[in-house]
Structure formats: C-alpha cells, structure tokens
Amino acid sequence: MLEKNIVLLLGANLGNKEETLRQAVIEIGKDVGEVVSLSHFYETAAWGKEDQPSYYNQVLVCKSTLVPQDLLYATQNIEQKLGRVRKEKWGARIIDVDILFIENEVVSDENLKVPHPFIQERRFTLEPLTEILPNFVHPVLNQSLSDILLHCKDPLTVKKLLIK
C-alpha cells in the first residue's frame with residue numbers, strides 16, 4: 001500500500017494540554033503512521049464558542065498507508081483513548097484530532113471532508129500549518145498556505161509557544 005503524507009491538527013483546552021498533545025503524537029505514531037514533522041505549540045482563545053479555556057494547538061505530518069475512512073476511525077479512537085467525550089459542537093475538549101490534508105486528495109464523504117473545510121477561516125490552524133508547510137498548495141483553493149494565512153480574516157490572536 002502506498003504511503004501518503006497526512007496532515008493533522010491537534011487541539012486541547014482541558015486538563016494538562018501540553019501532556020495531552022504529547023500523548024496524542026505518541027498514539028498517532030503507533031496507530032496512524034510515523035510522525036515526520038511537528039509544529040510548535042500555539043495558544044489561542046477558543047473559536048466558535050468563546051466561553052471556555054484557551055486552546056493549545058499543534059500541527060503534525062505523518063506518513064500513513066491508511067485509507068481516509070480508516071484514518072478517521074484511527075483518529076477518533078485516539079481521541080477516545082485520551083478521554084474525549086463529545087457533548088456539544090465546538091465545546092471544550094481534552095483532545096481534538098482533525099484531518100487537514102491527505103496529500104493532495106479531495107475527500108467528500110458524509111462523515112469526512114478533506115481538505116478540512118474551515119482551514120482558511122481559522123488562524124489557529126493556519127499559523128502552525130505555515131510553520132511546517134508554508135509552500136504547500138491547498139488542493140481546492142490553489143493557494144499556498146502562506147498566502148491563505150496572509151488573507152485570513154480571523155481576528156483571534158495566536159501565540160506561538162517555544163515548546164514542541
């Protein structure tokens with residue numbers, strides 16, 4: 001089976017955020033594929049539902065042979081293993097693992113959209129993404145991630161933390 005570059009966004013705003021993200025990276029290495037690149041951690045105010053603690057976010061690239069639905073299943077399993085309980089849309093969570101890109105593929109299934117449909121609207125995603133993949137061209141928008149970030153209208157402040 002062919003290995004593909006998978007780009008994931010990790011987010012946490014409950015518990016020990018730093019430790020949870022580190023544990024998620026370990027689990028992704030075991031269940032999804034070898035992690036080949038990691039952004040720094042970024043701290044951001046909550047997006048979509050603001051009355052909750054700030055988030056730590058991190059983007060990573062891993063190599064995987066999983067097909068899209070198996071990838072979704074694996075990332076949701078990791079969320080469950082680390083204690084995620086789905087209660088409300090955009091609610092506080094111990095861990096969130098979003099699939100941003102699968103190489104240059106476009107997936108439009110009932111339960112999975114790749115590229116992630118809100119990348120261009122979310123500074124907390126674009127900042128760590130452009131740290132590690134500034135010249136990657138979004139397969140639908142046909143713009144580099146750096147250009148997309150430059151035109152992002154999201155007003156939330158995203159603070160790069162000097163830890164990975």
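Only the coordinates and a few stated rules stand behind these numbers; no lab work does. It should be emphasised that the depicted structure is a prediction, and the values quoted were computed from it without experimental measurement. Here the Cβ positions follow ideal geometry from the backbone for every residue, glycine too, while neighbour counts run over all protein chains shown.
Take the chain, mark every one of the GluC sites (Glu not before Pro) that falls in a DSSP loop and has at most 15 other Cβ within 10 Å, then report the longest stretch left between them, sites excluded. With GluC sites (Glu not before Pro) excluded where exposed in loops, the chain gives 111-164 as its longest stretch.
Gyration tensor analysis over the Cα atoms of segment 4-160 returns equivalent ellipsoid semi-axes of 21, 20, 15 Å (largest first, whole Å). Calculated mean residue ellipticity, 222 nm, the chain: -8500 deg cm²/dmol, from DSSP H runs (n ≥ 4) at -39500 (n - 2.57) each, averaged per residue and rounded to 500.
N77 to E121: FRET efficiency via 1/(1 + (r/R0)^6), r the Cβ-Cβ distance, R0 25 Å, to the nearest 0.05? The computed FRET efficiency comes out at 0.35.
Here the simple spin-label model places points 7 Å from the Cα toward Cβ, and for S146 and E18 these points are separated by 3.1 nm.
Pairs with C-alpha atoms separated by more than 18 Å, drawn from the list K113/K160; K30/K81; K17/K160; K17/K159; K17/K81; K4/K81, are K113/K160; K4/K81. Around the amide H of S37, modelled in the peptide plane, lie the amide H atoms of V61, all under 5 Å away and 5 or more residues distant in sequence or on another chain. Which one, N16, Y42, T130, projects farthest toward the positive side of the charge dipole computed for the chain from Cβ point charges (K/R +1, D/E -1)? Farthest along the dipole direction, towards plus: N16. The charge dipole of the chain, taken about its Cα centre with unit charges on the Cβ atoms of Lys, Arg (+1), Asp and Glu (-1) only, comes to about 360 debye. Which one of F41, F136, F124 has the biggest mean-square fluctuation once the chain is modelled by GNM with Cα springs under 10 Å? Between F41, F136, F124, it is F136 that shows the largest mean-square fluctuation. Given R₀ = 25 Å, FRET efficiency for V36-D70 by Cβ-Cβ distance, to 0.05? Working from the Cβ atoms, E equals 0.85.
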